[in-house]
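Comments concern the structure below.
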Amino acid sequence: MYVRPAAVAAAAFLGFTLTVLGGTTSSAATGPSSSTGPASPTGKTGPLGPVVYAHRGASAYAPENTLASIDLAMRMGFDWVENDVQRTKDGELVVIHDDTLARTTDVEQAFPDRKPWHVKDFTYAEIATLDAGSWFGAGFAGTRVPTLREYLDRVQRNQQRLLLEIKKPEIYPGIEEQTLQVLDEAGWLDEGHVQRRLVVQSFSADSVRIVHEMRPDLVTAFLGTPTVADLPKYAQFTDRINPWHTTISADWVTAVHGLLGAHGRAMEVDTWIVDDPATARKVQGMGVDGIITNAPDVVRKAVLGAFAH
Ligand code: G3P
Ligand code: CA
């Protein structure tokens, strides 16, 4: 389900209002699949359902990959947020999904002669002038593309956890090491963060392997759906396999769970992007460990509802 921004604004507001009126806290509102209680090294408590990840923040209700989107996720009661990391022309790591600025900023108006507006062709000073909120809704006008450091500091301030995606690393040589450096400088590579609050993922197996080799203590995930026969190769350098939900079956999830990952624990599966209740319940039935969603409130309600029947 694609949730149109204008159509969901009222729902988001209502969800937030109900959360506040219900007197819930950030962690309690997340429910049994939240981070409350003693966390496993991967941060999953999971006996009552999949962990819910706010994909690019609460991106059905606020502009993706912005501080506004993670603040909203926090207010809605979600501590796990997902983001995408890329690099500017002058070497600043920024949080944005596409490798061009066109879809989620006003770059075409601001820099009309710079087509195709690749992130890698703009300095951060230039990107910092762009409006990354108006495309989503007038109420978000003036929202900026955050640097990774700004983003980490906000996740920290919000007491949230981060599923960090290294996006299109083939465009950005050395981005794995640089990402780890920024994480370290921001205090995100200490034991507490590594054990409970951070997962690094990529569609690039090479990138995941590099991160694992540089920081063997980090939990990592590979984005994709390897064949069952190939899974043991991935288990050598990663802890999780995170597939598109349309590509999986219960048998495949079971096969992943049957392997020990890079840290000697059963491998896990966090699937994406699930925004409707029926699909959420379907993948829950397959036994996934986590669901990555633009509409975390919808998924939380669906997976918790499964225990009411
Ligand atoms: O976290 C999974 C998901 O983000 C992968 O797809 O394109 O939204 O980065 P994409
Ligand atoms: Ca992503």
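The values are calculated or read from the model by the stated rules, or taken from the named source; none is laboratory data. Source: prediction; values computed, not measured. In this analysis, Cβ positions are derived from the backbone assuming ideal geometry, glycine residues included, and neighbour counts consider all displayed protein chains. The accessibility values were calculated without ligands, DNA or RNA, using every heavy atom of the protein model including side chains. Shrake-Rupley method; radii C 1.70, N 1.55, O 1.52, S 1.80 Å.
Things worth noting here:
- Of all residues in region 276-287, those that are open to solvent by 10 Å² or more (accessible area, probe 1.4 Å) and within 16 Å of ligand 1 (Cβ to nearest atom) total 1.
- Selection within region 94-133 - more than 16 Å from ligand 1 (Cβ to nearest atom) and touching a strand residue (DSSP E or B) at 6+ places or on another chain (Cβ under 7 Å): Pro116, Trp117, His118, Lys120, Tyr124, Ile127
- Among all positions in region 156-171, there is at least one residue which is outside any loop (DSSP other than H, G, I, E, B) and either among the polar types (S, T, N, Q) or away from ligand 2 (no atom under 16 Å from the Cβ) (or both).
- Hits in region 220-256 - residues which are within 16 Å of ligand 2 (Cβ to nearest atom) and either in contact (Cβ under 8 Å) with a residue 60 or more places away in the chain or over 26 Å from Asn294 (Cα atoms) (or both): Arg240
- From the list Val269, Val288, Val298, the one residue that fits, being of a type in the set (Val, Ile, Thr), within 18 Å of the chain's Cα centre (by Cα), modelled with pLDDT of 95 or more and in a loop (DSSP other than H, G, I, E, B), is Val288.
- Test: Val52 is away from ligand 1 (no atom under 11 Å from the Cβ), under 11 Å from the mean Cα position of the chain (by Cα) and outside any loop (DSSP other than H, G, I, E, B): yes
Conditions (1) closer than 19 Å to Leu162 by Cα; (2) of a type in the set (Gly, Ala, Ser); (3) out of contact with any strand residue (DSSP E or B) (no Cβ under 6 Å at 6 or more places or on another chain); (4) surrounded by fewer than 18 Cβ atoms within 10 Å (Cβ to Cβ), marked per residue:
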site: Asp184; (1), (2), (3), (4): yes, no, yes, yes
site: Gly187; (1), (2), (3), (4): yes, yes, yes, yes
site: Asp190; (1), (2), (3), (4): yes, no, yes, yes
site: Arg197; (1), (2), (3), (4): yes, no, no, no
site: Tyr234; (1), (2), (3), (4): no, no, no, no
site: Asp251; (1), (2), (3), (4): no, no, yes, yes
site: Leu260; (1), (2), (3), (4): no, no, yes, yes
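- For the residues Arg209, Arg161, the requirement of being more than 30 Å from Gly77 (Cβ to Cβ) and in contact with a Phe, Trp or Tyr (Cβ under 6 Å, 6 or more places away or on another chain) singles out Arg209.
- Failed item, numbered, when Phe122 is tested on (1) of a type in the set (Phe, Trp, Tyr); (2) open to solvent by 20 Å² or more (accessible area, probe 1.4 Å); (3) within 19 Å of Glu64 (Cβ to Cβ): (2)
- Qualifying residue in region 55-64 (condition: open to solvent by less than 10 Å² (accessible area, probe 1.4 Å), in contact with a Leu (Cβ under 9 Å, 6 or more places away or on another chain), assigned to a helix (DSSP H, G or I) and within 16 Å of ligand 2 (Cβ to nearest atom)): no
- Of all residues in region 197-233, those satisfying the criterion of being within 16 Å of ligand 1 (Cβ to nearest atom), more than 20 Å from Gln86 (Cβ to Cβ) and not in a strand (DSSP E or B) are Thr225, Pro226.
- Within region 158-171, residues that are farther than 18 Å from Val119 by Cα reach partners that are open to solvent by 10 Å² or more (accessible area, probe 1.4 Å) and within 15 Å of ligand 1 (Cβ to nearest atom) with beta carbons closer than 9 Å, at six or more positions or on different chains, in the pairs Leu163/His55.
- Lone qualifier among Glu191, Glu176 - being among the acidic types (Asp, Glu), away from ligand 1 (no atom under 16 Å from the Cβ), farther than 25 Å from Phe78 by Cα and out of contact with any Asp or Glu (no Cβ under 7 Å at 6 or more places or on another chain): Glu176
For (1) within 16 Å of ligand 2 (Cβ to nearest atom); (2) without any contact (Cβ under 8 Å) to a residue 24 or more places away in the chain; (3) outside any loop (DSSP other than H, G, I, E, B), each residue gets a yes or a no:
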position	(1), (2), (3)
Asp84	yes, no, yes
Val94	yes, no, yes
Asp98	yes, yes, no
Ala102	no, yes, no
Thr105	no, no, no
Leu130	no, no, no
Phe136	no, no, no
